[in-house]
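The structure appears right after this line, and notes come after that.
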Amino acid sequence: LADLEVPQYRLQAIVELCHRNDLSNIEPVFRALAELPVHEASEAFAAVTSLGLRASEPLLLLLRCPSSYLQHGAAMALCAIGNPEGIDVVCDMLMESSAPVWQEYAFCLGMVGSSAIMPIVSRINSNGAIGQERAMWSLAYASTSSGKEALGTLASGRNQVVAQVARSAMELGARLEGGERIEDGRAAPEKAY
């Protein structure tokens, strides 16, 4: 706990305390996490995911902080642990964020797979062409994990807008799985946390 106050030891202390799985230390861990420089944040958020859903509340708070890298790290962690409320908030962030940040949220949601599909789809019709494009990217990432079957069902559904977005997402997902570099400025992120 003392090492959380020392910048050069802070990251290792966060990782160690998360791996100990002792929730009595969660508040100081998250306070210290908010002090980390950008290049150390991904390792710390990866460690936080070992706490599972018990880390949800502080991660949801970090989604509201002004720092974009902390927001992104919290979104990745919430999606990685499968927190439903966090997934819902990240869906809103996907639709509301400016470029290029929305692409990172699309990738985060895609990591979740099939359980993120309906929260994404519920926002397609209310956000016009921009929302459709963002949903397509997120669904494409989801199709590369566990979302192919659900997307196939949506692609043959009655809602024509949703069906078209699902078909486009399946095509894009196949291209991403094949390792194709997408040349329109929206290539898949190189790696997740």
Using the charge dipole of the stretch 1-137 (Lys, Arg: +1 at Cβ; Asp, Glu: -1 at Cβ; taken about the Cα centre), state which of Leu94, Ala135, Ala47 has its Cα farthest towards the positive end.
Ala135
Rounded to whole Å, give me the distance from the Cα center of the stretch 117-180 to that of the stretch 30-62.
29 Å
Out of the stretch 106-168, which trypsin sites (Lys or Arg not before Pro) are coil in DSSP terms and have no more than 14 other C-beta atoms within 10 Å?
Arg158
Could you pull out every residue, at least 5 positions away or on a different chain, whose amide H is within less than 5 Å of the one on Gly147? Hs are placed 1.01 Å off N in the peptide plane, and Pro or chain starts have none.
Ser114
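Hey, any idea what % of the chain's accessible area is carbon plus sulfur with a 1.4 Å probe?
Numbers: 4970 of 9640 Å².
For the chain, the apolar C and S fraction of the accessible surface comes to 52 percent.
What percent does the relative contact order of the chain come to when contacts are Cα pairs within less than 8 Å and at least six residues apart? Let's see the in-between values first.
On the way: 268 pairs, mean separation 26.7, N = 193.
Once divided by the residue count of the chain, the mean separation gives 14 percent.
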Structure-derived Rg and Dmax of the Cα atoms in Å: which label, when the choices are [x] 19.9, 64; [y] 25.8, 81; [z] 17.5, 59:
[z]
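Would you mind getting the accessible area per residue of the chain, heavy atoms of the protein chains only, 1.4 Å probe, in Å²? Working shown, then result.
Working: 9640 Å² over 193 residues.
Per residue, the chain has an accessible area of 50 Å².
Work through the residues other than Ala74 whose Cβ is under 13 Å from its Cβ and net out their charges, Lys, Arg +1 and Asp, Glu -1. Before the final figure, lay out the partial values.
Numbers: positive: Arg64; negative: Glu57, Glu85, Glu104.
Neighbourhood net charge equals -2.
The values are calculated or read from the model by the stated rules, or taken from the named source; none is laboratory data. Since the model is a prediction, treat every value here as computed from it, not as a measurement. Positions of Cβ are generated from backbone atoms using ideal geometry, with glycine treated the same way; all protein chains shown enter the neighbour counts. Calculation scope for accessible area: heavy atoms of the full protein, side chains included, ligands and nucleic acids excluded. Shrake-Rupley method; radii C 1.70, N 1.55, O 1.52, S 1.80 Å.
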